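Written below as structure tokens is the structure these notes are about.
The values are calculated or read from the model by the stated rules, or taken from the named source; none is laboratory data. On a predicted model such as this, the values are computed, not experimentally measured, just so you know. Cβ placement follows ideal geometry from the backbone for every residue including glycine, while neighbour counts extend to all protein chains displayed. Only protein heavy atoms, including side chains, enter the accessible area calculation; ligands, DNA and RNA are left aside. Shrake-Rupley method; radii C 1.70, N 1.55, O 1.52, S 1.80 Å.
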There are 2 protein chains.
Amino acid sequence: MSTASPPEPVQRLAVIGCGLMGGSFALALRAAGLVRHVVGVARSPEARTRAAARGVADEATDDPAAAARGADVVLLAVPVAATEATLRALAPALADDTLLMDVGSTKADVVAAARAALDARRLARFVPAHPIAGKEKAGVEHACADLYRGAPVILTPLPQTAADAQRRARTLWQALGARVHAMSPHEHDAALAAVSHLPHLLAFAAMHALAQQPDGGRFLALAGPGFRDFTRIAASDPEVWRDILHANAAEVRAQAAAFRAALDAFEAALDEPARLQRLIEAASRARRAWAPAGAPPSP
Amino acid sequence: MSTASPPEPVQRLAVIGCGLMGGSFALALRAAGLVRHVVGVARSPEARTRAAARGVADEATDDPAAAARGADVVLLAVPVAATEATLRALAPALADDTLLMDVGSTKADVVAAARAALDARRLARFVPAHPIAGKEKAGVEHACADLYRGAPVILTPLPQTAADAQRRARTLWQALGARVHAMSPHEHDAALAAVSHLPHLLAFAAMHALAQQPDGGRFLALAGPGFRDFTRIAASDPEVWRDILHANAAEVRAQAAAFRAALDAFEAALDEPARLQRLIEAASRARRAWAPAGAPPSP
């Protein structure tokens with residue numbers, strides 16, 4: 001795809017938060033031969049042991065500043081609600097040229113946290129990133145070196161982000177096989193509310209409504225593969241999704257309003273087969289025309 | 001699972017409607033060595049050619065009565081809206097002991113059609129059936145011998161359905177690897193509205209709402225695997241789903257009301273993280289506890 005030469009290896013990578021996303025970033029850089037030393041940060045001793053067992057980190061600590069000291073790349077992979085406090089903790093340890101990235105699923109709130117926690121010099125080295133990859137199973141034990149292969153990664157640089165920091169971020173993600181997009185934090189949050197956050201909210205609500213019914217258990221015993229796929233994302237991690245939906249509430253509400261209008265139209269058409277068919281046809285056509293981001297173009 | 005002896009082979013099977021469901025039933029019986037001769041019914045010459053090419057039918061016709069004449073088992077696999085007219089056409093050709101089944105996704109309307117089209121003697125041989133299997137791709141070219149293996153098949157016999165007809169229906173489906181349930185048509189329609197029909201309506205509406213937005217195309221380019229699975233059923237066949245949603249409109253509306261109440265609660269909690277987390281936790285727990293119908297129990 002790309003004719004760019006491979007990026008310079010990372011000398012010291014600090015992964016702040018050794019979960020699925022942070023762990024997979026470290027494993028992917030290792031597999032590509034693009035990192036010399038990895039320091040992992042996790043709060044609990046158990047998490048540090050798991051990160052070591054998975055081969056993610058050469059050393060592990062619970063201190064973000066200690067990990068960031070001397071690092072040329074710092075990846076922040078904590079829940080988005082913890083962004084500001086974590087940035088404040090590690091900021092003093094950042095060198096002048098340390099590349100700082102996050103992997104948060106929302107961007108306007110992460111950027112606001114970075115503006116609050118970082119001075120101008122450090123803010124210029126911060127490249128907010130959102131790799132659209134993941135599984136409904138969180139945790140470093142599910143981390144893998146190819147999580148980002150073919151996945152879209154959205155960078156949302158600020159006006160003051162240094163051009164060379166953006167370039168370094170882009171080439172690192174591309175070296176892991178990701179397809180890099182760039183847009184503003186606001187554009188990112190609007191798009192993700194539409195294609196990810198609202199679908200999660202709908203799947204949570206559908207599962208909740210079903211499970212609360214007196215006959216819910218009997219009904220669920222009859223659910224098949226369509227239900228399995230439709231509700232897969234309803235099994236997602238509650239704390240992660242609490243933070244995402246709360247942080248992006250305004251855009252999620254806007255998408256929910258558009259969805260409710262469509263649902264109203266479908267419900268009103270239940271007794272009018274011709275109109276109902278036209279509505280379903282438009283939806284079915286749109287879904288058939290869609291291909292997952294990162295999928296190779298059709299021949 | 002079952003210690004029952006294998007059922008007697010079907011001498012002449014008439015498959016009225018050679019699509020995914022009817023075609024797979026014929027292929028599965030063939031693979032099990034449980035059918036001697038298959039007559040397929042399809043309206044268009046092209047569909048008859050495809051059914052022959054797929055190995056579904058030994059002979060093909062466009063005349064339901066001609067196919068049913070002399071058959072010991074007739075499987076009705078036409079869109080549910082065509083049930084009554086098709087039953088009227090083939091009823092005079094049914095022998096006294098012909099087992100008649102359908103595969104419709106709704107049951108109260110199919111039973112009403114059968115009551116209108118069949119006399120008491122023939123109604124006693126009708127065993128309404130709904131195999132919960134399928135793909136978002138319809139058509140005999142996707143038919144396969146193992147479509148029903150492990151799938152739930154719901155029988156909704158009437159008070160006047162003969163016991164031996166029910167037994168024969170049950171043993172045939174079990175011989176194909178299906179897990180047979182029995183309930184009333186009304187219970188069936190309430191359960192399927194919850195676990196299948198409403199999820200389809202929601203997926204159609206979500207896809208419709210997204211595709212209609214000015215930025216819908218740009219947003220869709222960023223959608224990932226969660227979106228792919230959540231919307232897979234939105235690609236389903238418009239005519240089939242027009243009929244299902246229209247036929248079961250009352251139960252679908254009841255489920256939609258329960259869903260809307262849940263969505264209201266989730267939206268109201270977007271600004272209250274603790275409450276939002278509790279709601280997501282309940283949904284996530286319910287989804288993790290669920291296993292697809294027909295899945296083997298965990299060890």
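Quick notes on this one:
- Compactness index (Cα Rg / 2.2 N^0.38 Å), the protein assembly as shown: 1.12
- Peptide A:259-269 is shielded by partner chain Cβ atoms: per residue, an average of 6 of them sit within 10 Å of its Cβ.
- For the segment A:189-197, counting C-beta atoms of other chains within 10 Å of every residue's C-beta and taking the mean gives 5.
- Computed from point charges on the beta carbon alone (+1 for Lys and Arg, -1 for Asp and Glu), the dipole magnitude for the stretch B:10-183 about its Cα centre is near 320 Debye.
- Label-point spacing for B:Gln212 across the identical copies (point 7 Å from Cα in the Cβ direction), in nm and ascending order: 2.6.
- Among the helices of chain B, those built from whole DSSP H runs whose Cα atoms reach 15 Å or more along their own axis and whose mean Kyte-Doolittle hydropathy is at least -0.5 are B:20-31, B:198-212, B:249-268.
- Shortest-first distances to equivalent copies, position B:Ser44, nm, label 7 Å out along Cβ: 5.8
- Under a model in which nothing but the beta-carbon of Lys, Arg (+1) and Asp, Glu (-1) is charged, chain A shows a dipole of about 520 debye around its Cα centre.
- Remark: mean inter-chain Cβ contacts per residue of A:215-221 equal 6, using a 10 Å Cβ-Cβ cutoff to other protein chain atoms.
- For the stretch A:10-183, accessible area per residue (1.4 Å probe, heavy atoms of protein chains only), Å²: 38
- Only protein atoms count toward the accessible area here, which uses a 1.4 Å probe; on the protein assembly as shown, the carbon and sulfur part of that area reaches 53 percent.
- The mean sequence separation of alpha-carbon pairs under 8 Å and at least six residues apart, normalised by the residue count of the stretch B:10-183, gives a relative contact order of 24 percent.
- Shape metrics for the stretch B:162-299, restricted to C-alpha atoms - Rg then Dmax, Å: 19.0, 59
- In chain B, the beta carbon lying closest to the axis that superposes B onto A belongs to the residue given here with its whole-angstrom distance, B:Asp229, 2.
- Normalised convex hull volume, the stretch A:1-116, alpha-carbon set, Å³ per residue: 117
- Each peptide in B:52-62, B:244-254 receives the mean, over its residues, of other Cβ atoms within 10 Å, and ordering these scores from highest gives B:244-254, B:52-62.
- Candidates A:Leu245, A:Ala268, A:Ala206 compared by Cα position along the dipole of the stretch A:188-289: farthest toward the positive end lies A:Ala268, with charges placed on Cβ.
- For chain A, radius of gyration divided by Kirkwood radius, i.e. Rg to Rh on alpha-carbons: 1.01
- C-alpha center-to-center spacing [the stretch B:109-168, the stretch A:69-144] in angstrom: 57
- Normalised by the number of residues in chain A, the mean separation of alpha-carbon contacts (under 8 Å, six or more apart) gives a relative contact order of 16 percent.
- Only Lys, Arg, Asp and Glu carry charge here, each on its Cβ (+1 for the first two, -1 for the last two); on that basis the protein assembly as shown has a dipole of about 840 debye about its Cα centre.
- Inter-copy label distances for A:Ala116: 6.4 nm (label point placed 7 Å from Cα along Cα→Cβ; shortest first).
- Buried accessible surface for the B/A chain pair comes to about 7700 Å², total over both chains, computed with a 1.4 Å probe.
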